[in-house]
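Nothing in this text is a laboratory measurement; each read-out follows from the coordinates by a stated rule. Please read these numbers as outputs of a predicted model, since none were measured by experiment. For neighbour counting, all protein chains shown are included, and Cβ atoms are generated from backbone atoms with ideal geometry for every residue, glycine included.
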Amino acid sequence: MISRPRLRALCPRHARRTLPTHSQRRQINHYISQSAYPLPPTIQVSYPKPPIPHTHTFTLAVKDNIATNSPLPTTCASPFLADYTSPIEATIVRQLRDLGLVVTAKTNLDEFGMGSHSVHAAHGAVAQERGGYSAGGSSGGSAVAVANGEVDIALGTDTGGSVRLPAAYCGVVGYKPSYGMLSRYGVVPYANSLDTVGLVARGVGRIRQVVVDKGLWRVGDGKDPTSLGEKARRRIAGRRENYDGGEVRLEGLRLGLPVEYNIEELERGVRDAWVTAAGRLEERGAKVVPVSLPTTRHALSAYYVIAPAEASSNLAKYDGVRYGRRAEGESDAAEGGVLYAASRGQGFGEEVKRRILLGSYTLSSEAMDNYFLKAQAVRRLVRRDFDRVFRLENPLQDEQETFNLSEMSEEIPMQNKLGPAEVDFLLCPTAPTLAPKLLDVMGGQGVLDAYTNDVFTVPASLAGLPAVSVPIPVEGEERMAGLQLIGQYWDDARLLGVAEAVSKVLGGPA
């Protein structure tokens, strides 16, 4: 008789489940691997148990750049790691299993998390079940699994919008936490200073239950050097009133609409849905005011300097010697001492190679000053823009930085430099367009067009701020748009509470 672990290893890539059929799964291509015997909740725990007892067992899908125990591999949708099984389990996966969640599958993605449509994958592109629309990227497989009702929650990673954009395209909720809140240990890194673990669900309440009610936000991780320590978490929580969240009233909240987000490329239907949503929230007692984030217009350019630069360093270890498949015929005594050129050339997809080359150039001696250092300066200004408009202070700043007007262009009017009264949260579209047809993306969209999809999600990532995308209807469309709410650093509990209230007002699932 075949043992259970062996049987799981032999389970086909798209093993039969109740939803949807095998043929449908092959068409939407959102899973890389499934387990016939899902990984059960854990018994032993290595961190303090949350104060709320288990109330329900959720099913969990995990993006395939997050490490899971055997037999589920961790391939990052790359030929380089096609056979790789991680010796460790990511802290976030272990924590969720401790809470009673059951891991059922690993989801498809853009290779190493680099992309906006989940088309740059060794296993093929991810599509939505209806209409043949793009699932967004890079966590497209996770968003589709949730949208189809196959899992309760899915894990993704959000570097510049990779959880929020797929959530917007697929009509579900996507949450990016404050940087350092959820552990990144066991996550294959793309850009260390930007990567966060995100969650996707059909309603905000399910995410809030896991992150806030069950105490996930309280737990630091010594294995992850970017995880905020326990002492710092207690200090921040002590400075915040009603940090534990709960029901949040819209009445009296100040919501800011960033004027710089009303760009020419914003589709009319998305703009109208944004304005309509703001109007309905005003009817419920919220105060909606315009705010100015002048450096936002430079955020996308800075992101595509910083992220590829960090990626080029992170991906240097994939050479077929230390990690990954070795190219056939490549010798240890290769001519000229080049031991792994063929392995990297064959193992990486075109988009990954493009970003490695871009990042390597920006880190070179001739480009460092003109590109990388200037991008870091822009990042600092983006963060200060957010700090200037939020009512809450950034808890990581001992003293609020003085906003130096001389650093800003003389073309920007004075009122835009100073901005109006401070706000509690920002309200803006998640993406400038609705989900495009997948065939259009694969057939005609240029590289730069794909990069601009992140224009509204990147600023919060550069500043390390929490953000939630909730679905909103678009008049005359079967597709949903995404409405993004952004909060001050470590204001995640209130943000999730507000997002839940907003979703209820706009007719979405709680």
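Things worth noting here:
- For THR107, distant residues with modelled amide H under 5 Å away: ILE32, VAL62, LYS63, ASP64
- Alpha-carbon centroid distance for the pair segment 158-175 / segment 460-505, whole angstrom: 10
- Hz values of 3J(HN,Hα) by residue in segment 194-206 - Karplus curve (6.51, -1.76, 1.60), Gly and Pro given as x: 10, 4, 9, 8, x, 10, 10, 8, 6, x, 5, x, 5
- Among THR362, THR433, THR74, sorting on how many other beta-carbon atoms sit within 10 Å of each Cβ, with the fewest leading, yields THR433, THR362, THR74.
- Oblate is the label for segment 70-136. Its Cα gyration tensor axes, ordered a ≥ b ≥ c, give a/c of at least 1.5 and b/c at or above a/b.
- Partners of LYS317 within straight-line reach, counting lysines whose Cα lies under 16 Å from its Cα and excluding those fewer than 8 residues away in the same chain: LYS353.
- Alpha-carbon centroid distance for the pair segment 192-227 / segment 255-301, whole angstrom: 27
- Full-extension gain in nm, THR276 to GLU393, via 0.36 nm per residue minus C-alpha separation: 39.2 nm
- Förster radius 22 Å - calculated FRET efficiency between VAL505 and GLU267, Cβ distance, rounded to 0.05: 0.45
- J(HN,Hα) series, segment 120-125, from Karplus relation 6.51 cos²θ - 1.76 cosθ + 1.60, nearest Hz, glycine and proline x: 8, 9, 4, 8, x, 6
- Annotation for LEU357 and ARG130: the two label points, set 7 Å from Cα along the Cα-Cβ direction, are 4.1 nm apart.
- Close amide H contacts of LYS437 (hydrogens built in the peptide plane, cut-off under 5 Å, sequence separation of 5 or more or a different chain): SER134.
- Global geometry of segment 143-264, whether rounded, prolate or oblate, following the gyration tensor of its Cα atoms and the 1.5 cut on a/c: rounded
- Table column - 3J(HN,Hα) (Hz), segment 289-305, Karplus curve with 6.51, -1.76, 1.60, x for Gly and Pro: 9, x, 10, 10, 10, x, 6, 3, 5, 9, 5, 5, 4, 5, 4, 7, 9
- Amide H contacts under 5 Å for PHE390: VAL423, restricted to partners 5 or more places along the chain or on a different chain, H placed in the peptide plane at 1.01 Å from N.
- Applying a DSSP loop filter and a limit of 14 other Cβ atoms within 10 Å to the GluC sites (Glu not before Pro) in segment 246-276 leaves GLU247, GLU251, GLU264, GLU265.
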